[in-house]
Amino acid sequence: TDEKPLLEISCLTAGYGDFKALFGVDLHLRAGETVAIIGANGAGKTTLMRAITGIVRTASGAIRLDGEKIDMLPAPEVLLRGIAMVPEGRRLFPSLSVEENLLIGGHARRGDGRWNLNAVYELFPVLKERRSDPGTALSGGQQQMVAIGRALMSNPHVLLCDEISLGLAPVVIRDIYAAIPKIKASGASIIVVEQDIGQALKIADRVYCMMEGRMTLEGRPENLSREAIHDAYFGVS
Ligand code: ATP
């Protein structure tokens with residue numbers, strides 16, 4: 001279809017000072033889609049997420065949301081436009097309770113969505129039981145749930161999840177990923193950054209692979225051979 005993408009990244013170059021981490025990256029996300037980005041350590045996945053959210057400035061290229069250029073906007077404005085991130089490492093506010101962490105996400109709240117404290121507690125019931133505990137007293141998986149819930153509290157159009165399975169046990173990863181279809185059903189479009197290729201293929205409508213700051217592969221999971229993924233992930237030897 002030639003339906004206009006919700007989020008469109010074209011020929012994006014970005015980095016840290018003189019160091020370039022992204023070289024002409026293209027990516028699009030259609031409304032209602034879940035897209036996964038895979039790639040080895042240092043491929044540039046996190047930098048791409050930071051560029052979308054306005055934390056890392058783009059050197060050239062464009063990021064468009066609903067056709068409008070957003071790459072010059074400061075990060076808080078990007079959040080208000082409806083792009084929220086679950087950052088790598090969760091980054092909870094350690095002195096605050098679970099509920100206070102969630103409410104902070106609600107400060108950037110957009111009026112038109114379904115997410116609020118009750119909806120987050122419905123998605124992750126264990127967080128309701130632990131609502132008064134400090135975020136840091138929770139298990140890694142529960143902390144990840146708080147980080148996801150905090151991002152949802154802004155009612156995002158686009159939810160960016162950076163390595164939400166990192167360091168968690170398989171059974172916990174399963175619980176976390178069980179939330180993704182429910183979030184999708186709420187109307188959000190989703191990008192997950194994932195080092196676990198199997199997990200990415202399971203959850204995503206489409207998959208991108210990055211290597212050394214470039215996109216090396218794009219396609220629907222059912223159309224991607226193991227060999228093509230291997231070459232895109234590690235390079236052709
Ligand atoms: P990871 O899975 O380790 O997060 P990644 O694919 O997300 O990997 P990035 O974190 O985007 O990769 O890193 C891309 C490149 O940018 C790497 O070479 C990394 O060393 C570099 N880099 C990342 N963050 C910074 C920073 N704050 N300052 C300077 N260089 C950075």
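The values are calculated or read from the model by the stated rules, or taken from the named source; none is laboratory data. Quick caveat, the model's predicted, so the values are computed rather than measured. In this analysis, Cβ positions are derived from the backbone assuming ideal geometry, glycine residues included, and neighbour counts consider all displayed protein chains. Just so you know, the surface numbers come from the protein's heavy atoms only, side chains and all, with ligands and any DNA or RNA stripped out. Shrake-Rupley method; radii C 1.70, N 1.55, O 1.52, S 1.80 Å.
The residue of region 156-200 that is farthest from ALA51 (Cα to Cα), among those that are more than 16 Å from the ligand (Cβ to nearest atom) and in a loop (DSSP other than H, G, I, E, B), is ALA169. For region 206-214, the criterion of being open to solvent by less than 40 Å² (accessible area, probe 1.4 Å), away from the ligand (no atom under 16 Å from the Cβ), under 21 Å from the mean Cα position of the chain (by Cα) and farther than 19 Å from ALA43 by Cα is met by none of the residues. Scanning region 61-79 for residues that are outside any loop (DSSP other than H, G, I, E, B) and either within 16 Å of the chain's Cα centre (by Cα) or on the phi > 0 side of the Ramachandran plot (or both) yields GLY61, ILE63, LEU65, ALA75, VAL78, LEU79.
Only one entry of GLY167, GLY82, GLY89, GLY105 meets the criterion of being under 16 Å from the mean Cα position of the chain (by Cα), within 30 Å of LYS20 (Cβ to Cβ) and either open to solvent by 60 Å² or more (accessible area, probe 1.4 Å) or modelled with pLDDT under 90 (or both), and that entry is GLY89.
Selection within region 28-61: residues that are surrounded by fewer than 24 Cβ atoms within 10 Å (Cβ to Cβ) and of a type in the set (Lys, Arg). The member of this set that is farthest from LYS182 (Cα to Cα) is ARG57. Per the conditions (1) hydroxyl-bearing (Ser, Thr, Tyr); (2) part of a helix (DSSP H, G or I); (3) more than 23 Å from LYS182 (Cα to Cα), the sole criterion not satisfied by TYR121 is (3).
Within region 1-21, being under 17 Å from the mean Cα position of the chain (by Cα), touching a residue at least 60 places away in the same chain (Cβ under 8 Å) and crowded, with 21+ Cβ neighbours inside 10 Å holds for one residue alone: LEU7. One residue stands out among those in region 3-44 that are in a loop (DSSP other than H, G, I, E, B) and of a type in the set (A, V, I, L, M, F, W, C): the one that is nearest to the ligand (Cβ to nearest atom), which is ALA43.
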